[in-house]
1. For the condition over 49 Å from the mean Cα position of the chain (by Cα) and surrounded by 14 or more Cβ atoms within 10 Å (Cβ to Cβ), what is the one hit in Val40, Val8, Val26?
2. Count, please, the residues in segment 84-102 that happen to be assigned to a strand (DSSP E or B) and not charged (D, E, K, R).
3. What pairs can you find where one residue is in segment 140-161 and assigned to a strand (DSSP E or B), the other is of a type in the set (Asp, Glu), and their Cβ atoms are less than 9 Å apart, with a gap of 6+ or different chains?
4. Would you check if Arg228 is over 30 Å from Ala132 (Cβ atoms) and crowded, with 19+ Cβ neighbours inside 10 Å?
5. Looking at (1) touching a residue at least 40 places away in the same chain (Cβ under 8 Å); (2) part of a loop (DSSP other than H, G, I, E, B), which one does Asn191 not meet, given that it meets all the others?
6. Quick check on my filter: what residues within segment 201-235 are without any contact (Cβ under 8 Å) to a residue 12 or more places away in the chain and within 13 Å of Leu186 (Cα to Cα)?
7. Looking at Asn174, Asn233 in this structure, which one is among the polar types (S, T, N, Q), touching a Cys at 6+ places or on another chain (Cβ under 8 Å) and over 30 Å from Leu116 (Cα atoms)?
8. Of the residues that make up segment 167-180, is at least one at negative phi, among the acidic types (Asp, Glu) and out of contact with any Lys or Arg (no Cβ under 9 Å at 6 or more places or on another chain)?
Amino acid sequence: STSAPYSVISGSPFSLAAGASQAVVVRFSPTATGTFTGNVSFTSNGGNVSPGVTGVGTASPPQISVTPASQNFGTVSVGSFADLTFTVQDTGGSALTGSASTSAPFSVVSGTPFSLGAGTSQTIVVRFAPTATGSFTGNVSFTSNGGNVSPVVSGTGAQITVVSPNGGEVLHINHNVTLKWTSSGLSGNVNIDLSRDGGSNWAPILSSTPNDGKQVWRVTGPATTLGRIRVCNLGGTVCDTSNANFTIQP
């Protein structure tokens, strides 16, 4: 018999004929770092002995884990940005140190460098800030003393520009007007909203209408000198509004 962190896992008890032998297997299972000494006590009808055992417990190395394996920012307006997160965790047994980096139009805005104890984690915030339209793909490089990983990031830059009414026009209630806009990097329909207070509050006038650059709208009341329109993709992540107020009158 023995005591933790040692244990006898086979060969005990024993019953031996004269001149025979048997192997007794002793296991060392440290749960902490350091040096551990002990004895294995053999008791028998032929006497007792207690050979010594010694072992050193060391921490397992750090091991990096990053989740999720990828992030898609979706469609983001050119000149705007969106943030998403990764979680970096130390799944090893000793301290993990490292950093995260990426390249434009992506950037790491918080959480790097990191220093983690065994079993702990930290959030890394990555930003997608497109300066042009189109699809973008990259990697966030996590380098550490516990390994390196490079999850994928992707996103699409898009743009909408209101052409008219864009400020200064006079629209008449119960008359048709053609709303015009341009777009790039977008697929699917758009929503068109109207504000009568300079952009503080909005109400829909055309929902999920084709993104074809123009739609006819029959002007409704009440009258205002603070009219603006807003055109957005259906997700509301890419929008543009009239640059200035226009007038709605009878």
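Every number in this text was worked out from the coordinates using simple rules, so none of it is lab data. All figures in this text were calculated on a predicted structure; none of them were measured in a lab. As a convention, Cβ positions derive from the backbone with ideal geometry for all residues, glycine included, and neighbour counts pool all protein chains shown.
1. Numbers: Val8 fails: over 49 Å from the mean Cα position of the chain (by Cα); Val26 fails: over 49 Å from the mean Cα position of the chain (by Cα).
So the residue among Val40, Val8, Val26 that is over 49 Å from the mean Cα position of the chain (by Cα) and surrounded by 14 or more Cβ atoms within 10 Å (Cβ to Cβ) is Val40.
2. Narrowing segment 84-102 to residues assigned to a strand (DSSP E or B): 84-90, 96-101.
From what is left, the residues that are not charged (D, E, K, R) are 84-89, 96-101.
Residues flagged as assigned to a strand (DSSP E or B) and not charged (D, E, K, R) within segment 84-102 amount to 12.
3. Ser144/Asp90; Gln159/Asp240; Ile160/Asp240; Thr161/Asp240
4. Values: over 30 Å from Ala132 (Cβ atoms): no; crowded, with 19+ Cβ neighbours inside 10 Å: yes.
It is false that Arg228 is over 30 Å from Ala132 (Cβ atoms) and crowded, with 19+ Cβ neighbours inside 10 Å.
5. (2)
6. Initially, segment 201-235 is screened for residues without any contact (Cβ under 8 Å) to a residue 12 or more places away in the chain, giving 201, 203, 212.
Within segment 201-235, Asp212 is the sole residue that qualifies.
7. Values: Asn174 fails: touching a Cys at 6+ places or on another chain (Cβ under 8 Å).
Of the residues listed, the single one that is among the polar types (S, T, N, Q), touching a Cys at 6+ places or on another chain (Cβ under 8 Å) and over 30 Å from Leu116 (Cα atoms) is Asn233.
8. Taking segment 167-180 and keeping what is at negative phi, we get 169-173, 175-180.
Narrowing further to those that are among the acidic types (Asp, Glu): 169.
Next, only the ones that are out of contact with any Lys or Arg (no Cβ under 9 Å at 6 or more places or on another chain) stay: 169.
Yes, segment 167-180 contains a residue that is at negative phi, among the acidic types (Asp, Glu) and out of contact with any Lys or Arg (no Cβ under 9 Å at 6 or more places or on another chain).
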